[in-house]
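Beneath this line is the structure, given in structure tokens, with notes to follow.
Derivation of every value follows stated rules applied to the coordinates shown; laboratory data play no part. Worth saying up front: this structure is predicted, and the values here are computed from it rather than measured. Glycine also receives a Cβ, built like all others from the backbone with ideal geometry; neighbour counts cover every protein chain displayed.
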Amino acid sequence: MFRKITIFLIFIFSCTLVDVFAQRTYTPEKGSVERKAILNSLRLPVEKELKQKIVFNADHFKVQGNWAFISGSPQTSSSGRRPDYRNTPYRDAVDSGAFDNNFFALLKKTSGKWKVVKRALGCTDVCALDWSSIYNAPKAIFPYNE
């Protein structure tokens with residue numbers, strides 16, 4: 001009896017490990033429901049902060065399990081150009097040259113919805129370098145590691 005229980009427990013443990021290691025890192029297809037859901041979750045707070053409609057030109061977009069990391073440049077939805085930062089909290093940084101037109105975002109799917117864990121606009125360095133360790137997110141979704 002003990003042997004059967006041991007074999008059963010080893011089998012269950014093995015299946016669990018296979019599932020954990022089988023999570024692949026991928027980029028959601030353009031136009032897919034998943035990609036739209038992730039970007040829309042990010043879009044709401046960014047548009048509220050910038051007080052204008054935004055689209056994201058993603059240079060890096062990776063998902064693994066319930067985590068996603070995206071980076072790229074924000075653009076206005078009307079012209080596809082750099083947003084107007086004059087009436088935003090970033091005005092002084094833009095005027096002083098201490099602002100790059102970029103974004104970085106870490107999102108997590110919780111209760112079936114994507115939520116922004118951390119985001120940054122205008123970084124002049126690698127502002128998301130330590131996000132993997134701070135938020136316990138998979139390193140594979142980031143374009144670089146600490």
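Just a few scattered comments:
- Among the residues of segment 131-140, the ones that are assigned to a loop (DSSP other than H, G, I, E, B) and touching a residue at least 12 places away in the same chain (Cβ under 8 Å) come to 2 in all.
- Qualifying position, being surrounded by fewer than 17 Cβ atoms within 10 Å (Cβ to Cβ), touching a strand residue (DSSP E or B) at 6+ places or on another chain (Cβ under 7 Å) and not in a strand (DSSP E or B), among Arg86, Arg43, Arg81: Arg81
- So Asp100, is it acidic (Asp, Glu), exposed (fewer than 12 other Cβ atoms within 10 Å of the Cβ) and over 19 Å from Leu44 (Cα atoms): no
- When Ser111 is tested against (1) surrounded by 13 or more Cβ atoms within 10 Å (Cβ to Cβ); (2) over 13 Å from the mean Cα position of the chain (by Cα); (3) closer than 20 Å to Asn40 by Cβ, just one condition goes unmet, and that condition is (1).
- Condition check for Asp92: of a type in the set (Asp, Glu) and in contact with a Cys (Cβ under 7 Å, 6 or more places away or on another chain): no
- Close Cβ contacts (under 9 Å, 6 or more residues apart or on different chains) running from residues in segment 90-105 that are in a helix (DSSP H, G or I) to residues that are of a type in the set (Ser, Thr, Tyr) comprise Arg91/Tyr85; Ala93/Tyr85; Ala93/Thr124; Val94/Tyr85; Val94/Thr88; Asp95/Tyr85.
- Which listed residue, of Glu34, Glu49, is of a type in the set (Asp, Glu), surrounded by fewer than 16 Cβ atoms within 10 Å (Cβ to Cβ), in contact (Cβ under 8 Å) with a residue 60 or more places away in the chain and assigned to a helix (DSSP H, G or I): Glu49
- Complete set of residues in segment 106-130 that are in contact (Cβ under 8 Å) with a residue 24 or more places away in the chain and not in a loop (DSSP other than H, G, I, E, B): Leu106, Leu107, Lys108, Lys109, Thr110, Lys113, Trp114, Lys115, Val116, Arg119, Leu121
Condition check ((1) of a type in the set (A, V, I, L, M, F, W, C); (2) within 29 Å of Gly31 (Cβ to Cβ)) across all residues:
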{"residue": "Lys62", "(1), (2)": "no, yes"}
{"residue": "Phe69", "(1), (2)": "yes, yes"}
{"residue": "Asp100", "(1), (2)": "no, yes"}
{"residue": "Thr110", "(1), (2)": "no, yes"}
{"residue": "Lys113", "(1), (2)": "no, yes"}
{"residue": "Thr124", "(1), (2)": "no, no"}
{"residue": "Asp130", "(1), (2)": "no, no"}
